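Heads up, the thing below is written out as structure tokens.
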Amino acid sequence: MKAVWRDRLKLQNYISGLFIEPDSREWMDDYSPATGEIIGQVPKSQKSDVDRAVKAAKDALPYWSSLTNIERADWLDKIADNLESKYEDIAHLESKDTGKPISLAREVDAHRSVKNFRFFGEMIRNLEEESFGMEDANNRVIYKPVGVGALITPWNLPLYLLSWKVAPAIGMGNTVICKPSELTPLTADLLMKSVDEVGLPKGVINLIHGDGMGAGAPLVSHEDVDLVSFTGGTSTGANVAQSAAVSFKKLSLELGGKNASIIFDDCDLEKTVPGVVRSGFLNQGQVCLCGSRILVQENVYDKFVDRFVNEVENMKIGDPSNEDTKLGALISPEHLSKVEEYIQIAKDEGGTILTGGYPCLPKEFENGNWIAPTVIADLDVSSRCSIEEIFGPVVTIHKFVNEEEAIKIANNTRYGLAGSIWTTDLEKGNRVAESIHTGMIWINTWLHRDLRVPFGGVKDSGVGREGGRWSLGFFSETMNICTKYD
Ligand code: TXE
């Protein structure tokens, strides 16, 4: 299938089935992370745009929520089919907008965006009512829509994360307003085109572009918004939580991570090294699940580090549109500066840079946000780079002696999202996993996703779980109806 790429897309909001300009008539530039060129213009929306979108969603609610699960599942399938026909477009737009390699955008972003709609369509079609019989009565548990949902998403996996929220939200009978990151608006626009093409009833899915303060904040605090699902940074998440709490909105927060990869000396190094490289650097380390702290048992430390650094240095960095590129650019100049500052902090705190620096790239990329994958050793386990989220292609490596010490280091952070454990002793792997304070752990793998399982974190990594029936639970109100027999 041929990709369609149109330079400098001038985007519109999508409200009540219409693509419309923002009231401000102002747009922000959208930049290519790889080259620094302007590739699109993003509406700078404000409260009046948000008000209009919320009204559209509220007006659409009575009809949409009156449909059966099967009817709504059919709509999810239609959106999935339409997105699938745009598979190559999704990959190209996402790669252009985020700076990630095209192969990754295809395998991960395009694939999962389609799959999210199919998966939740299937789940909702087969959702069965639960009942609890008593001697003299019966309890029926039913799922009702929550109402109008605000879905706020970040820039690292734009359509992947947006579809992860939209599909279960509308599938359970809610109507929604999407607020994608202002840094990566292109595939959210594509989704609206799909929704428009399939003829989804107007107002069920609305989209407001804009920045956090102008568009995100008035959306979260809007009195007619009943639920907020947010994925993004921890400090923004704290603001969102504060604002949503005032009117007791249903809230799910998926925030940052500082995940440990724990390598025991009995691991299979042939599989562990590539697995840990992937977990450290996928999407330039800009995935909340990335394993950015690598804890290695002392007996295998030197051998692991040698092989690991060698494999990292062999990753191909450069033009995201090349099929064999493994690492692309960072999302923005500001984010690149944040990552550079952390590398400087690591040096100041006594870290040794085992590999890193800047890649040598053709002239067309000189204004992009580039940095080579960086591996830092010799830092104290409590140093800032070892416990704070960097969210870039930077990992720290630490030595541990035994299980207890590995667990202690892994838990030595305010974050608690995920992690991975690498060992051939599965009993030990499971024992250690249960002691780690996170919402998810992988053993001998990473980012091996079954969409039925709960996804989310503890501590500063968030509140609540999405995924499978947890998403269906979050995007609905469960109600019990108890009927007493004569
Ligand atoms: O995300 P923000 P940023 C981490 C990562 C990164 C840091 C900051 O460490 O360096 O967060 O990234 C919208 N009310 N993650 O600043 O601000 C915003 O417009 C409502 C981890 O880019 O959290 C965007 O749509 N909405 C993360 C979304 O929130 C607001 C992925 C996320 O932006 C708002 C990305 C407000 N007051 C970064 N302010 C993950 N969990 O995967 C902003 N927004």
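The values are calculated or read from the model by the stated rules, or taken from the named source; none is laboratory data. All values reported here derive from a predicted model rather than from experimental measurement. Virtual Cβ from ideal backbone geometry, glycine too; neighbours counted across all protein chains shown.
Go through segment 239-266 and count every residue that is of a type in the set (A, V, I, L, M, F, W, C) and more than 22 Å from VAL146 (Cα to Cα).
Counting residues in segment 239-266 that are of a type in the set (A, V, I, L, M, F, W, C) and more than 22 Å from VAL146 (Cα to Cα) gives 5.
Go through the residues of segment 220-234 one by one and say whether even a single one is polar (S, T, N, Q) and within 7 Å of the ligand (Cβ to nearest atom).
The first filter runs over segment 220-234 and keeps only residues polar (S, T, N, Q), leaving 221, 229, 231, 234.
Cutting the leftovers down to within 7 Å of the ligand (Cβ to nearest atom) gives us 231, 234.
There is at least one residue in segment 220-234 that is polar (S, T, N, Q) and within 7 Å of the ligand (Cβ to nearest atom).
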Residue pairs meeting the criteria (Cβ under 7 Å; at least 6 apart or on separate chains; first at pLDDT 95 or above, in segment 304-324; second among the polar types (S, T, N, Q) and part of a helix (DSSP H, G or I)): PRO320/SER95; SER321/SER95; GLU323/SER103
Unique residue being buried (at least 19 other Cβ atoms within 10 Å of the Cβ), within 16 Å of the ligand (Cβ to nearest atom), touching a residue at least 24 places away in the same chain (Cβ under 8 Å) and of a type in the set (A, V, I, L, M) when the list is VAL273, VAL240, VAL277: VAL240
Scope segment 53-63; condition in contact with a Gly (Cβ under 8 Å, 6 or more places away or on another chain) and crowded, with 22+ Cβ neighbours inside 10 Å; matching residues: ALA56, ALA57, ALA60
Segment 182-237, subset of a type in the set (S, T, N, Q) and without any contact (Cβ under 8 Å) to a residue 40 or more places away in the chain, residue nearest to ILE39 (Cα to Cα): THR236
Scope segment 393-423; condition under 16 Å from SER261 (Cβ atoms) and in a loop (DSSP other than H, G, I, E, B); matching residues: PRO393, ASN411, ASN412, THR413, LEU417, ALA418, THR423
Residue list for segment 111-160, filter: among the hydrophobic types (A, V, I, L, M, F, W, C), away from the ligand (no atom under 16 Å from the Cβ) and more than 14 Å from LEU76 (Cα to Cα): LEU127, PHE132, MET134, ALA137, VAL141, ILE142, VAL146
PRO180 being buried (at least 24 other Cβ atoms within 10 Å of the Cβ) and within 14 Å of the ligand (Cβ to nearest atom): yes
Members of segment 206-219 found to be more than 8 Å from the ligand (Cβ to nearest atom) and among the hydrophobic types (A, V, I, L, M, F, W, C), listed by number: LEU207, ILE208
Candidates LYS338, LYS347, filtered to the one that is under 30 Å from THR35 (Cβ atoms), under 24 Å from the mean Cα position of the chain (by Cα), at pLDDT 95 or above and not hydrophobic (A, V, I, L, M, F, W, C): LYS338
Candidates PRO320, PRO393, PRO362 - the one that is farther than 16 Å from VAL296 by Cβ, surrounded by fewer than 18 Cβ atoms within 10 Å (Cβ to Cβ) and not aliphatic (A, V, I, L, M): PRO362
Residue among SER48, SER24 that alone is hydroxyl-bearing (Ser, Thr, Tyr), in the same structural domain as ALA169 (by TED's automatic domain parsing) and not in a helix (DSSP H, G or I): SER24
Which numbered condition GLY429 misses (of (1) within 30 Å of SER252 (Cβ to Cβ); (2) part of a loop (DSSP other than H, G, I, E, B)): (2)
Residue pairs meeting the criteria (Cβ under 9 Å; at least 6 apart or on separate chains; first among the aliphatic types (A, V, I, L, M), in segment 70-86; second surrounded by fewer than 18 Cβ atoms within 10 Å (Cβ to Cβ) and not in a loop (DSSP other than H, G, I, E, B)): ILE70/ARG125; ALA73/GLU122; ALA73/ARG125; LEU76/GLU122; LEU76/ARG125; ILE79/VAL198
Within segment 68-103, tally of residues that are part of a helix (DSSP H, G or I) and touching a helix residue (DSSP H, G or I) at 6+ places or on another chain (Cβ under 6 Å): 20
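Among the listed residues LEU282, LEU327, identify the single one that is modelled with pLDDT of 95 or more and within 16 Å of the ligand (Cβ to nearest atom).
Numbers: LEU327 fails: within 16 Å of the ligand (Cβ to nearest atom).
Residue meeting the stated conditions: LEU282.
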